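*Asks:* Encoded as structure tokens, here's the structure I'll be asking about.
Every number in this text was worked out from the coordinates using simple rules, so none of it is lab data. Keep in mind that this is a model prediction, so the values were computed, not measured. Here the Cβ is made from the backbone with ideal geometry for all residues, glycine too, and neighbour counts use every protein chain on show.
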């Protein structure tokens, strides 16, 4: 079995994330170029201004209040130091190992194993674990899970995914405005910028662009999970704890009742170490990589 270095894994996943962001930017620029050809640069400038304002206002609120929104959505409670001593001690040790300030710690009532981190930067970060994780994981397994969440904080994943969400949101808004404008606007067909070929390309791109960038956004989310796994190994110098925890999570992946499916807010689900919906969908539409693939990568570290 070919061995891999966690340093190489971290670097590779970061480069792949940047490459995927470049794809989103390329789609945005292509969309802008085609709309500019169809309707003129002035028209596209107006659309861009509207898209930027709407996207930034929407994302600003989510960015600065992401931790509060996530915690409220799962009804999480602060983890007292006296009741959850080991939880606090493990995070304190990981804070020293990573050089990060200790995040605020929370617990949510759920008998399944899961955890998430949120916050716009290390100084405003939170970690939340389920009661199931505290009860079912041994010390090394819990340390591996917490190291994974600390890695998301160290890698500024909330900030990175917020940037991605802004770009994806802008593309969706631009496409929607352009397609709707075709119903009530008539562009000058005599003008070279508005020839039929560019119009057809513009319509096709406006329809496909939001779908493409959404898939790229999901790919970035999966890449950040691999990066967090590798960074967790860097912090604790062993993949064993996280790998064992993922195996326990994998065994819990059974069909859910309707009540369980509504236990989590879908908007918060991508934050968790494992997809709480346990959806049977292809990798292309998943927010998380398959657990078996994550375990395989960890086994080779």
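*Asks:* Which FRET efficiency value, to the nearest 0.05, is calculated for residue 72 and residue 212 with the Förster distance at 41 angstrom and r the Cβ-Cβ distance? Walk me through the intermediate numbers first.
*Replies:* Details: r = 33 Å, r/R0 = 0.80.
Rounded to the nearest 0.05, the efficiency is 0.80.
*Asks:* Moving on to the next point. Assuming 0.36 nm per residue, please report the length gained on full extension of the stretch residue 89 to residue 165 beyond their Cα-Cα distance. Walk me through the numbers before you get to the answer.
*Replies:* On the way: separation 76, 0.36 × 76 = 27.36 nm, distance 3.43 nm.
Value of the extension gain: 23.9 nm.
*Asks:* For the stretch 113-163, what number results from the quotient of the Cα radius of gyration and 2.2 N^0.38 Å? Spell out each step's value before the answer.
*Replies:* Values: Rg = 11.6 Å, N = 51, 2.2 N^0.38 = 9.8 Å.
Working it through for the stretch 113-163, the quotient is 1.18.
*Asks:* Can you give me the convex hull volume of the Cα atoms of the stretch 94-228, divided per residue and expressed in Å³? List each step's numbers first, then the result.
*Replies:* Working: hull volume 20.0 nm³, N = 135.
Convex hull volume per residue, Cα atoms: 148 Å³.
*Asks:* Where Rh is the Kirkwood radius over the Cα pairs of the stretch 40-163, the temperature 10 °C and the viscosity 1.306 mPa s, what D in µm²/s does Stokes-Einstein return? Don't skip to the answer; put the middle values down first.
*Replies:* Details: Rh = 15.8 Å.
Stokes-Einstein gives a translational diffusion coefficient of 101 µm²/s.
*Asks:* Another question, if that's okay. Roughly what % of DSSP beta bridges within the stretch 1-130 run antiparallel, to the nearest 5?
*Replies:* Numbers: 6 of 11 bridges.
That works out to approximately 55 percent antiparallel.
*Asks:* Using the basic label-point model (7 angstrom from Cα toward the beta carbon), what is the residue 46 to residue 121 distance in nanometres?
*Replies:* Reported label-point gap for residue 46 and residue 121 is 3.8 nm.
*Asks:* Ranked highest first by the average count of other Cβ atoms within 10 Å around their residues, in what order do 33-41, 289-297 fall? Before the final figure, lay out each step's value.
*Replies:* On the way: 33-41: 20.1, 289-297: 15.9.
Descending mean neighbour count gives 33-41, 289-297.
*Asks:* Could I ask something else about it? Testing the spin-label approximation: label points 7 Å from Cα along Cα→Cβ at residue 82 and residue 19. State their distance in nm.
*Replies:* It is 5.4 nm.
*Asks:* Separate question: At a Förster distance of 30 Å, what's the computed FRET efficiency of residue 292 paired with residue 64, Cβ-Cβ distance as r, to 0.05? List each step's numbers first, then the result.
*Replies:* Numbers: r = 37 Å, r/R0 = 1.22.
Approximately 0.25, to the nearest 0.05.
*Asks:* Shifting gears a bit: Given a Förster distance of 30 angstrom, what is the FRET efficiency for residue 54 paired with residue 8, based on the Cβ-Cβ distance and rounded to 0.05?
*Replies:* 0.15
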